[in-house]
There are 6 protein chains.
Amino acid sequence: MSVEINVVRQDGRNFDELRPIKITRNYLNVGEGSVLVEFGNTKVLCEATFENRVPRWLYEENRHAKERHQPVRGWVTAEYAMLPRATEDRNQRESVKGKISGRTQEISRLVGRSLRGIVDIYELGENQITIDCDVLQADGGTRTASITGAYIALKDAIQWGKDSGFVNMGAQVLKDSVSAISVGIINGQPMLDLPYVEDSSAETDMNVVMTGSGKFIEIQGTAEGEPFDHSELVNLLKLAEKGNKELATLQANLYK
Amino acid sequence: MSVEINVVRQDGRNFDELRPIKITRNYLNVGEGSVLVEFGNTKVLCEATFENRVPRWLYEENRHAKERHQPVRGWVTAEYAMLPRATEDRNQRESVKGKISGRTQEISRLVGRSLRGIVDIYELGENQITIDCDVLQADGGTRTASITGAYIALKDAIQWGKDSGFVNMGAQVLKDSVSAISVGIINGQPMLDLPYVEDSSAETDMNVVMTGSGKFIEIQGTAEGEPFDHSELVNLLKLAEKGNKELATLQANLYK
Amino acid sequence: MSVEINVVRQDGRNFDELRPIKITRNYLNVGEGSVLVEFGNTKVLCEATFENRVPRWLYEENRHAKERHQPVRGWVTAEYAMLPRATEDRNQRESVKGKISGRTQEISRLVGRSLRGIVDIYELGENQITIDCDVLQADGGTRTASITGAYIALKDAIQWGKDSGFVNMGAQVLKDSVSAISVGIINGQPMLDLPYVEDSSAETDMNVVMTGSGKFIEIQGTAEGEPFDHSELVNLLKLAEKGNKELATLQANLYK
Amino acid sequence: MSVEINVVRQDGRNFDELRPIKITRNYLNVGEGSVLVEFGNTKVLCEATFENRVPRWLYEENRHAKERHQPVRGWVTAEYAMLPRATEDRNQRESVKGKISGRTQEISRLVGRSLRGIVDIYELGENQITIDCDVLQADGGTRTASITGAYIALKDAIQWGKDSGFVNMGAQVLKDSVSAISVGIINGQPMLDLPYVEDSSAETDMNVVMTGSGKFIEIQGTAEGEPFDHSELVNLLKLAEKGNKELATLQANLYK
Amino acid sequence: MSVEINVVRQDGRNFDELRPIKITRNYLNVGEGSVLVEFGNTKVLCEATFENRVPRWLYEENRHAKERHQPVRGWVTAEYAMLPRATEDRNQRESVKGKISGRTQEISRLVGRSLRGIVDIYELGENQITIDCDVLQADGGTRTASITGAYIALKDAIQWGKDSGFVNMGAQVLKDSVSAISVGIINGQPMLDLPYVEDSSAETDMNVVMTGSGKFIEIQGTAEGEPFDHSELVNLLKLAEKGNKELATLQANLYK
Amino acid sequence: MSVEINVVRQDGRNFDELRPIKITRNYLNVGEGSVLVEFGNTKVLCEATFENRVPRWLYEENRHAKERHQPVRGWVTAEYAMLPRATEDRNQRESVKGKISGRTQEISRLVGRSLRGIVDIYELGENQITIDCDVLQADGGTRTASITGAYIALKDAIQWGKDSGFVNMGAQVLKDSVSAISVGIINGQPMLDLPYVEDSSAETDMNVVMTGSGKFIEIQGTAEGEPFDHSELVNLLKLAEKGNKELATLQANLYK
């Protein structure tokens, strides 16, 4: 990857450098976890709601499980949304339009899957945690910031559940940590953590969700312009691994 | 009103005292006006969007006006919404439900009317300003905080319009300032600026929108429990006038 | 209020005069109460539906109340709507649009609150009364006519419930009567009971819901043009008290 | 058809007798045609809206027609709906449900087709007439009453269009009159004009739309219970022809 | 009917001739009945779903019936839809539009009624059969082909229910067979089984649903252009009876 | 990858073997491209609609481009849907539910992006091609089959556009071919082309969209169970490259 030496990014970062990352716990008074996560100018509010109940479909499944003396489980889900003026131009509210866009649903599902990838829902017991990720300000990477912040809100909510007696104090609900970062190819150059201005001109855009122990939970790579070849893919994955490793460290430091 | 001397409110305030009010301008980087307004624990983000165009219906009206050599005008509107976990219990997103509640629409309309009450839309020119009031945290008085904060976001957006050349520098778009406060009767005692715990037990609940010069733009009073009589009404209005006067001073001080 | 002596209203009324009011009971064969109410050219059909059941949410609440040996209660609600050609121009049906406007919801909620303000829902027992207010012809004051007529439909439905054995014969379900009237300021002159032509040019528009005993249930005043001052407010309230007093007498006379 | 001599109908009518039919013109002040039509206890308000414009799709077609020097045309359409408490049990509003039932759409389309069957839309010119048929009270035959009343509202609206100069005074817009009646088989006996109590127990139910000159515009026959044979079909059609002939006479008499 | 001797149809058929009819059973691997029915170029996939349960409303009715020692019953229903490119021009998906057209609902209801007309739902037991009729290619007569094919899918599903033990082996669920055909008048000439090109130019269009034993279940005749008289009606019914008789024979032959 | 030698798949295939693939061109008479694609029991109908127009948003963009003497372009999009009984259990229609699921939207967007990845939309000219992928029968891999079949429908539609004179005969609209295949890890074993039974038990599931020349357009990998490590990722990509290479050959052979 010697070619990228002379690349100058608009914000002065090196090609393999994250934007300034800031994670604030207990941001609001409501929410069993309340986190403001910032990736540069991207700001996402992650609010966790802990409920001592499970969705109807799981309630039924657990009932059957109990009848068969099998273990019951909880659920973790997420909802992603953007405030109308999170972006440079105002977007119409999805509540006003009366329907959720495909993009919103796609990201909500992605955040939920990413969290469930590191949760042992049997250890959670018959509880449900919902993480609301509301983008206050968007400058690229809103889904990766959401996942990274949602993990902290989730962790705090699980602790709340233990402190409140809904989850066993010794339960190992979290099997690992999780974070996400975007990588992309711009003018042939792989880059880490794209702000909007880079993202919109990237030939290839990839979001990589990883655990703190370095495994993959989700890879979503799309050639917006030219298809990418095997070696470009390898370079992108390397960058993403570097970025996620740094995020995992930042997350861990919040609990030191 | 000598009877209320011994009332003790849960947060220690006197019956005629506002909660701590905090208005932060330029809260985010996006938005032609960006304000965080706090009435105690109630926090509302007010983002103004200035657009150099008008809604379709007004575009047609202005076209006809021009043909008749009459003046054209702009538009000011507002949208109110709550984040799902702004409250103690999580509410389902209106975008997910696929429709906006009557309450949400009622408040959006109220905020818009309140702002238009102090705007000269002819002086605004063919421009449109939308104020998004998104409640981050709700503890009673979200509509009054929204109006009070929306005014600041509006004022900043008009200045942006002037600085950007869309509005005449000398235009008197704002005829006055506007703020709003709630009053209510609790156990027979009129009180100012109700937090959720008081609001939910009030016999009568009234929201009063006033101009900086002390006139009324909107009065909405509802007997939740017992109907109220003429003298109670007079007492409530007095309290509201006191509260709004203080808010108007706070608003004015932001521009000193 | 000596200034208004020379005002000539388009329909020849004095400034403090109601339009011809007509309330017809048993207008249709269906409905446990069936009322046609006319405020001049405004005609609203108020149909009451009495059901010996309560909504799901109240069913649950009553179940809990019973377990705790607390009293159970009923529910009174209302739905307001306009026929598409009630007005001079045809409006698209809300069923065809697929959603209810904010205005429709606002008025439905207002009518419901106004009725509940004079009902003892514990005396009603576990019954539900729904009042449908459908505007056949609209000429201003549809919401005030709806409330005034809905009260009669409600009263008849309660009697039906007693005659049918669903409500205790001696139950004091109604604590008072309720009516509503609009007042407004036109060219600086306060006026009572505005038809459409006046309503659309009023600087201030206020709807006042009062009990037969002269107390307030709801006040909704809006400055459409210029904000109004304290003395104008006082004058408007006086007019509204006069109008509601006359309506209360008309309502009472229907049962003599 | 000698077998039916001894049939006794609940309302005392002969098997081939219509219910009392009443058609009131100019029922309300709004609407270019305003008709209350009553078939026994079934009451439908038919309001015509005349507009000097055509729907978008027809506007485009007419534009192309003009370019090719072909004649342009107008449009006639209808919307059917029921008030929530038109029936013995209250139905939820379709506006509240957020969608129109199949039944409502089916009848709206039927009424529209029936009217267009006797209209020369080229003679109407570039005008649009919408007939709103709102059922105030339903006791069977709401769709046949709607068609029968809608014709009168349509005729009055066309006259209004002529008087207002939108339609050529000599235009032959109406080619014929139109009415509709239901017939059915009950306990093997064909009967005319079924009220709800008969309709709900009929083995076969047929709605027949006919012109004043005795031709068919629409036949909709459904075996609700037992399929019907050829001779039963013949008998039903005979009854329907008799009923429609009487309705046509009643309609014609309104203009004498 | 001697006049029609010289009619030449675009596809070379005689006026009283069906298009080539093809019914393929077990077309797919899923579905308890899976039928592809072809009326010329019209191709409809009819998939039956057998479920050992009934809809909620019937579940309640059956529960009451059991309490009164009355027989319980099952349900047969149908859903009709068109793929977006079944026609020459692509239609927007109804799922994307977010609502079902009146036409789609009308046909779904017609297919359901037609099937229930020959089913003894008490013999079916507490089971539910849903027939999905999805039009792959549309060239006129999609509703008649749907009914004709749906009957075969239904019959196969009932047999599956017997083989699976959900329906009594000796139950006489089907009282008869059912088929449907369109007839129409084109240039004054009655014709059988109209493809799109004929259907769109027909003055009168009629769909006739009949049993294998020659009785009528549903007649829907509409004058698209000129109203039709009694003798034309008689001729159309004759043609329809001929066509349905041939369809009934084709259906019966599938089980020989 | 020597470990997988002894794996026995339920359908007898080797771990790196595709299911029987069948692609039928000109499957129906409608559609400018009409393809039935089968991956084992998965059957998807891919219908292409060629229109000599572009969506509104692109129409505006092209208009601006023309003003600036820049090249104009066309558009390629796709819609994916499942028939209600494509699966073992019937799913409610999305048109009946009134909204499209997140899954449906996600796949529609994926298919569209995949096709646009190999199309030069400037060479297409101001034309729009829509590919409808309707799943008749689903047994895993419906999105990969859709992409693979959609490419053939697209290629045929472009040829139709050339033959019809809407696209320049020499235009190089297609830059490459495109296909897609699923890979997954089951019991630690990477496998190619998963049917439903394997897909639902896979720990990791990955869909890989590739060009005929071996480049990547989209990678979507999700750890359903355990997160996967770098070497597993490498193995999955190898399998996917093998599968897509075979699909590309099959696609190419259709035009020999």
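Using the Cα centre of region A:101-256 as origin and beta-carbon charges of +1 (Lys, Arg) and -1 (Asp, Glu), tell me which of A:Ile185, A:Asn235, A:Ile147 is placed farthest towards the positive end of the dipole.
Farthest towards the positive end: A:Ile147.
222 nm [θ] for the protein assembly as shown, helices only, -39500 (n - 2.57) per DSSP H run of 4+, per residue, to 500?
The per-residue figure over the protein assembly as shown is -10000 deg cm²/dmol.
When chain B is modelled as a GNM with alpha-carbon springs shorter than 10 Å, which of B:Gln189, B:Gln220, B:Gln137 fluctuates the most?
Checking each option, the largest mean-square fluctuation is seen for B:Gln220.
Put one equal scatterer on each alpha carbon of region D:143-208, apply the Debye formula with no solvent term, and list log10 I(q)/I(0) at q = 0.21 1/Å to two decimals.
Those come out to -0.81, one per q.
Quick check: the distance between the Cα centres of region E:145-166 and region E:74-95, to the nearest angstrom?
So the separation of the two Cα centres works out to 21 Å.
Charges only on Cβ, +1 for Lys and Arg, -1 for Asp and Glu: so what's the dipole of region E:89-152 about the Cα centre, in debye to the nearest 20?
The dipole magnitude comes to about 380 debye.
Say the dipole of region F:103-256 comes from +1 at the beta carbon of Lys and Arg and -1 at that of Asp and Glu; which of F:Leu247, F:Phe216, F:Ala171 then lies farthest toward its positive end?
The one lying farthest along the dipole's positive direction is F:Ala171.
Just list whichever of B:Lys66/B:Lys155; F:Lys43/F:Lys242; E:Lys175/E:Lys256; F:Lys155/F:Lys242; D:Lys162/D:Lys242 have alpha carbons separated by over 29 Å in the model shown.
Beyond 29 Å: D:Lys162/D:Lys242.
Once whole DSSP H runs in chain E are found, which of them have Cα atoms spread over 30 Å or more along the helix axis and a mean Kyte-Doolittle score of at least -1.0?
Helices meeting the span and hydropathy rule in chain E are E:142-163, E:230-253.
Using a Förster distance of 30 angstrom, determine the FRET efficiency expected from the C-beta separation of D:Gln70 and E:Val8, and round it to 0.05.
0.60
Keeping every protein chain present and rolling a 1.4 Å probe, give me the accessible area per residue for chain B in Å².
Ligands and nucleic acids excluded, the result is 41 Å² per residue.
Restricting things to Cα coordinates, could you compute the convex hull volume per residue of region D:138-256 in Å³?
104
Which three lengths, in whole Å and largest first, does region B:51-107 cover when its Cα atoms are put on their principal axes?
For region B:51-107, the Cα extents along the three principal axes come out at 55, 19, 18 Å.
Hey, if you drop one equal point scatterer on each alpha-carbon of region C:1-139 and run the Debye formula without solvent, what base-10 log of I(q)/I(0) do you get at q = 0.17 Å⁻¹?
-1.05
Find the centroid of the Cα atoms in region E:176-206 and in region D:172-207, then give the distance between the two in whole Å.
Distance between centres, Cα-based: 24 Å.
Using θ = phi - 60° and the Karplus curve 6.51 cos²θ - 1.76 cosθ + 1.60, what whole-Hz ³J(HN,Hα) does each residue of region B:76-82 get, with Gly and Pro shown as x?
Working through the residues one at a time gives 10, 9, 9, 10, 10, 7, 10 Hz.
Can you give the Kirkwood hydrodynamic radius of the protein assembly as shown from its Cα pairs, in Å with one decimal?
One over the average 1/r among Cα pairs gives 36.6 Å for the protein assembly as shown.
Considering the zone a paramagnetic label at C:Thr24 would reach in this model (a point 7 Å from Cα along the Cα-to-Cβ line), which residues of region D:76-112 have amide N under 14 Å from it?
Under 14 Å, as judged by backbone N against the label point of C:Thr24, lies no residue of region D:76-112.
Return the sequence-ordered ³J(HN,Hα) values of region D:36-53 in whole Hz as given by the Karplus equation 6.51 cos²θ - 1.76 cosθ + 1.60 applied to θ = phi - 60°, using x for Gly and Pro.
Using θ = phi - 60°, the values come out as 9, 10, 10, 10, x, 7, 7, 10, 10, 8, 10, 10, 9, 10, 9, 10, 8, 7 Hz.
Need one number: nm distance between label points at A:Lys97 and D:Ala171, each 7 Å from Cα along Cα→Cβ, rounded to one decimal.
Here the modelled spin labels are 4.2 nm apart.
I want the local charge near F:Ile158. Using Cβ-Cβ distances under 11 Å, sum +1 for each Lys or Arg and -1 for each Asp or Glu among the other residues.
-3
If you take every residue apart from B:Ala138 with its C-beta less than 9 Å away from the C-beta of B:Ala138, what net charge results, scoring Lys and Arg +1 and Asp and Glu -1?
Summing Lys and Arg as +1 and Asp and Glu as -1 gives -1.
With only alpha-carbon pairs counted, each pair once and no self-pairs, how large is the Kirkwood hydrodynamic radius of region B:115-164 in angstroms?
12.1
Report the FRET efficiency, 1/(1 + (r/R0)^6), for C:Lys245 and B:Asp120, where r is their Cβ-Cβ distance and R0 is 35 Å, rounded to 0.05.
Given R0 = 35 Å and the Cβ-Cβ separation, E is 0.35.
Using a 10 Å cut-off around each Cβ of peptide B:78-90, what is the average number of partner chain Cβ atoms that fall inside?
That average works out to 5.
Which cross-chain or sequence-distant (5 or more) residues have an amide H under 5 Å from the amide H of E:Ala86, H modelled 1.01 Å from N in plane?
Residues meeting the criterion, in which the H sits 1.01 Å from N, are E:Asn91.
Using Cα pairs under 8 angstrom and six or more residues apart, how large is the relative contact order of region C:176-256, in percent?
32
Considering region F:186-256, what Rg and Dmax in Å follow from its alpha-carbon atoms?
Computed over the Cα atoms of region F:186-256, radius of gyration and Dmax are 13.2, 44 Å.
For D:Val167, enumerate residues with amide H under 5 Å from its amide H, sequence gap 5+ or separate chain, H modeled in the peptide plane.
D:Lys162
Quick check: at a probe of 1.4 Å, how many percent of the accessible area of the protein assembly as shown sits on carbon and sulfur atoms?
Exposed carbon and sulfur together represent 47 percent of the surface.
Using only Cα positions of chain F, each an equal point scatterer, no hydration layer, compute I(q)/I(0) via Debye at q = 0.07, 0.10, 0.17 Å⁻¹ and quote the log10 values to two decimals.
Once normalised to I(0) and log-transformed, intensities are -0.25, -0.51, -1.28.
The values are calculated or read from the model by the stated rules, or taken from the named source; none is laboratory data. The structure presented is a predicted model; accordingly, all values stated were derived computationally and were not measured. For neighbour counting, all protein chains shown are included, and Cβ atoms are generated from backbone atoms with ideal geometry for every residue, glycine included. The protein model used for the area step is the full one, side chains on, heavy atoms only, and it has no ligands, DNA or RNA in it. Shrake-Rupley method; radii C 1.70, N 1.55, O 1.52, S 1.80 Å.
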